[in-house]
């Protein structure tokens, strides 16, 4: 047979195309066999990767295929069975795309017997058919055990959390009903839908944690603990530690501290806990109700978020000596609470009502603004005045110092 495609008949072109694909699949099996030997001998995998000029992700995928689909060998050279014998038996007939879909399906822990069905589909159909069959098998397994709600969490390298899941029709309808009002675009809102929904989901979590109906754990309502040096909290610099070692900036913690319990924790020079004080600055139910009446929702001009979607902000921050008094508190939605902490907007109280002063760059338009309508001063509210600064560590300070000991605070959200 000639090697020039232009000289081949129609049938010869089609036959040659199939032969080349079969050869490529056989060669990929040979590549995996060689890579398995590289791993068995402890040779430099990175040198192999650079020699063939493939990305690290590709090499990682091949190594996974070796470990999952090839028969192994013991340290003494004795043959071992494959972790997935059905795939192993058909390996030379499968393209890399088929193996990618099979790997994804296996990683998601399909029901017993599903692997054989997927392999039968893979040797007779395209990769997308394998993907669709895997989805149907997962759905069938979920309905068999009487539930369709699945949620998987994965910690990312930068500290964020990745969520993947699937909800039943009923749970999905409830989730949409809760999410859509929070993710609805506001006037001038240019955020893409995915961002709006992600931020709305974060607001939903805050609402859930503030609910009085959540079950307790070890005698306490569900909460998140955050620990950092108190001096860093006051300055708004440095890092704070969440339970599990994840990190937040001190500036983020200052915003959280507005509507959280703050517990002083005194540590020794080697970070051993010497003393844990009681929670400070707990907002009472009566105060929150008074804020609901006065502010009627997020007090920022132009915002229509209702009270139950809002957080409580200290006009003079609690960590700076501000009092937990209605005259020093204001309701803000999550977005405008972050704005109050992360921009040059200022909040001033006049007659028990919050006013918002824009940043300096607004020039002549820089005058105090108040959300129009539905805002009512609370009877008996006092003007918020910044108390004289207190030297931390002196008598009456919230967090004592003890020689070499240093103070930290723990916030419960």
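The values are calculated or read from the model by the stated rules, or taken from the named source; none is laboratory data. In this text the structure is predicted, and so the values were computed from the model without any measurement. Reconstructed Cβ throughout: ideal geometry from the backbone, glycine too, with neighbour counts over all protein chains shown.
Before moving on, here are some points about what is shown:
Yes/no matrix, rows are residues, columns are (1) in a helix (DSSP H, G or I); (2) in contact (Cβ under 8 Å) with a residue 40 or more places away in the chain:
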{"position": "322", "(1), (2)": "no, yes"}
{"position": "331", "(1), (2)": "no, yes"}
{"position": "335", "(1), (2)": "yes, yes"}
{"position": "339", "(1), (2)": "yes, no"}
{"position": "348", "(1), (2)": "no, no"}
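Here is a yes/no grid of residues against (1) more than 30 Å from the chain's Cα centre (by Cα); (2) within 24 Å of residue 23 (Cβ to Cβ); (3) exposed (fewer than 15 other Cβ atoms within 10 Å of the Cβ):
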{"position": "66", "(1), (2), (3)": "yes, yes, no"}
{"position": "93", "(1), (2), (3)": "yes, yes, no"}
{"position": "114", "(1), (2), (3)": "yes, no, no"}
{"position": "160", "(1), (2), (3)": "no, no, yes"}
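- All of (1) touching a helix residue (DSSP H, G or I) at 6+ places or on another chain (Cβ under 8 Å); (2) surrounded by fewer than 16 Cβ atoms within 10 Å (Cβ to Cβ); (3) free of Cβ contacts under 8 Å to residues at least 60 places away in the same chain; (4) part of a helix (DSSP H, G or I) hold for residue 59 with one exception: (2).
- Condition met for residue 288 (modelled with pLDDT of 85 or more, under 29 Å from residue 338 (Cβ atoms) and out of contact with any helix residue (DSSP H, G or I) (no Cβ under 6 Å at 6 or more places or on another chain)): no
- One residue stands out among those in the range 27-56 that are on the phi < 0 side of the Ramachandran plot and part of a loop (DSSP other than H, G, I, E, B): the one that is farthest from the chain's Cα centre (by Cα), which is 43.
- Given (1) part of a loop (DSSP other than H, G, I, E, B); (2) out of contact with any strand residue (DSSP E or B) (no Cβ under 8 Å at 6 or more places or on another chain), number of the condition residue 18 does not satisfy: (1)
- Filter result for the condition that a residue is in the same structural domain as residue 139 (by TED's automatic domain parsing) and in contact with a strand residue (DSSP E or B) (Cβ under 7 Å, 6 or more places away or on another chain), over 110, 34, 80, 118: 80
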